[in-house]
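Taking it in order: structure first as structure tokens, then the write-up.
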Amino acid sequence: MERPRRNRRSDAIRASLREAYLSPAHMVYPVFVQEGHGKIDPIKSMPGQSRLSLDELLKVCETASSLGVAGIALFPVVPEGKKNSLGDESWNPQGLVPECVRAIKKKFPNLLVVTDVALDPYSSDGHDGIVRDGLILNDETVEVLCKQAVMQAEAGADFVAPSDMMDGRIGAIRKALDAKGFTHTGIISYCAKYASSFYGPFREALDSAPRFGDKKTYQMDPANRREALREARLDTAEGADLLMVKPALAYLDVIRDLREFSDLPIAAYQVSGEFAMIKAAALNNWIDGDKVMLESLLSIRRAGADLIFTYAAIEASKLLK
Ligand code: PBG
């Protein structure tokens, strides 16, 4: 008779046979940044997360760096007065994001800095692309995204991460970066990004919800699995360095598919709604929040993700110590 329990008999045996593991080196911490000084504005639906001014952000980077967290991803809160229909502020070299990138890379050269390439925080329409007559324009948007990515590379970002889901943007951004001499700047493509309802708290944090309609003409249908492979094939051919699946927990099958299909590293984004659900249940004492968080992150690794974007990067890293 086979007795699989023999391999589960003790901590020592279990530890020696463990297949997947989690470490701070696998985590990227997404942070919300805002203008000003000394600002820490808590985000109600994301307990423990806040909109930070640059001075406070640097303190968080210090903690992340000392814990061995791989890097941080920046998401700006843009004042209403700086938003317009073309998202012009997105490629302003004196803007908030490039200012943060320069400051972080100066103080913490070993902390990876990932910048988001998309127009939504800068768009008065709250869409990832330029809107005309109610439609999201593809090629016109890609031109702006290229300017945004080059500006971020100039500021010193290690990776630019297009999260907009326009067609052809990876190839265009790669070409624009190379033309300006940024052959060393990597691209993390949000390749299988779904039109998900799990992004609610994020949009509240940035006040970036679409002002009309939804994002279904560019983000993917949650029902589709094959379509993720198609996006992966295109983004790979266009020059992506990593492929990302987003959200993570409800899309573990897609993470596994991309892991098996591709020889590129795979990233997954544990999004705001996933984080919020765990926190809310924990606050009610319905679950053990720390354990559920670690189990959730471990499952994402087991499914095949190399890198996880998670708002729990700092707390999980502390728990792992
Ligand atoms: C937008 C963007 C979104 C997230 C990351 N980049 C929201 C959206 O697509 O509407 C969501 C992340 C999260 O929910 O944590 N470019």
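The values are calculated or read from the model by the stated rules, or taken from the named source; none is laboratory data. A quick note: this is a predicted structure, and the numbers were derived from the prediction, not measured. Backbone-built Cβ (ideal geometry, glycine too); neighbour counts: all protein chains shown. Please note that ligands, DNA and RNA were not included when accessible areas were found on the heavy atoms of the full protein model with its side chains. Shrake-Rupley method; radii C 1.70, N 1.55, O 1.52, S 1.80 Å.
Note on the chain: with a GNM built from Cα contacts shorter than 10 Å, the maximum mean-square fluctuation among E154, E231, E80 falls on E80.
For K106 and R226, what is the calculated FRET efficiency with R₀ set at 45 Å and r taken between the beta-carbons, to the nearest 0.05?
Values: r = 45 Å, r/R0 = 0.99.
Plugging the Cβ-Cβ distance into 1/(1 + (r/R0)^6) gives 0.50.
Each peptide among 176-188, 9-21 gets the average number of other Cβ atoms lying within 10 Å of its residues, and from highest to lowest they stand as 176-188, 9-21. Pairwise Cα distances in the stretch 195-283 exceed 20 Å in 42 percent of cases.
If packing is taken as the average number of other Cβ atoms within 10 Å across a peptide's residues, how do 85-98, 130-143 rank, most packed first? Spell out each step's value before the answer.
Numbers: 85-98: 19.5, 130-143: 15.6.
Per-residue Cβ counts within 10 Å, averaged per peptide and sorted highest first, yield 85-98, 130-143.
Step by step: find N for the stretch 1-65, compute 2.2 N^0.38 Å, then divide the Cα radius of gyration by it. What's the final number? Working it through for the stretch 1-65, the quotient is 1.92.
Please compute the Kirkwood hydrodynamic radius over the stretch 164-321, one decimal place, Å, based on all pairs of different Cα atoms. Walk me through the intermediate numbers first.
Values: mean 1/r = 0.0599 Å⁻¹.
Evaluated over the stretch 164-321, this radius sits at 16.7 Å.
Quickly rank 195-208, 108-121 as a protection proxy: mean count of other C-beta atoms within 10 Å, highest first. All intermediate terms of the calculation are to be shown ahead of the outcome.
Numbers: 195-208: 18.5, 108-121: 22.3.
Descending packing order for the listed peptides: 108-121, 195-208.
From the P(r) of the stretch 196-243, could you give the percentage of C-alpha pairs in the tail past 16 Å? In whole percent, the share of Cα-Cα pairs in the stretch 196-243 beyond 16 Å is 55. Summarising the strand pairing of the chain, around 15 percent of its internal DSSP beta bridges are antiparallel. Extension gain for the segment K180 to F261, taken as residue separation times 0.36 nm less the Cα-Cα distance, is 26.0 nm to one decimal. Stokes-Einstein diffusion for the stretch 56-202 at 10 °C, viscosity 1.306 mPa s, with a Kirkwood radius from C-alpha pairs, works out to 101 µm²/s. Alpha-carbon geometry of the stretch 20-320: the Rg and the Dmax are 17.7, 54 Å, given in that order.
Taking the solvent-accessible surface of protein heavy atoms with a 1.4 Å probe, what is the per residue accessible area of the chain in Å²?
Working: 14780 Å² over 321 residues.
With the other protein chains kept in place, the chain gives 46 Å² per residue.
Dipole orientation for the stretch 212-321: of the candidates A267, L249, A282, A282 has the Cα lying most toward the positive pole (charges on Cβ; Lys, Arg +1; Asp, Glu -1).
Per atom type, the stretch 20-320 shows carbon and sulfur on 53% of its accessible surface, probed at 1.4 Å. Cα centroids of the stretch 216-238 and the stretch 263-321: 24 Å apart. Counting only Cα atoms, the size of the stretch 46-120 along its three principal axes is 40, 28, 19 Å, in decreasing order.
When the trypsin sites (Lys or Arg not before Pro) in the stretch 41-89 are filtered for DSSP coil states and for at most 15 other beta-carbon atoms within 10 Å of their beta-carbon, the remaining sites are K44. Computed log10 I(q)/I(0) for the stretch 1-110 at 0.19, 0.24 Å⁻¹: -1.02, -1.35, from the Debye equation with unit scatterers placed on every C-alpha and solvent omitted.
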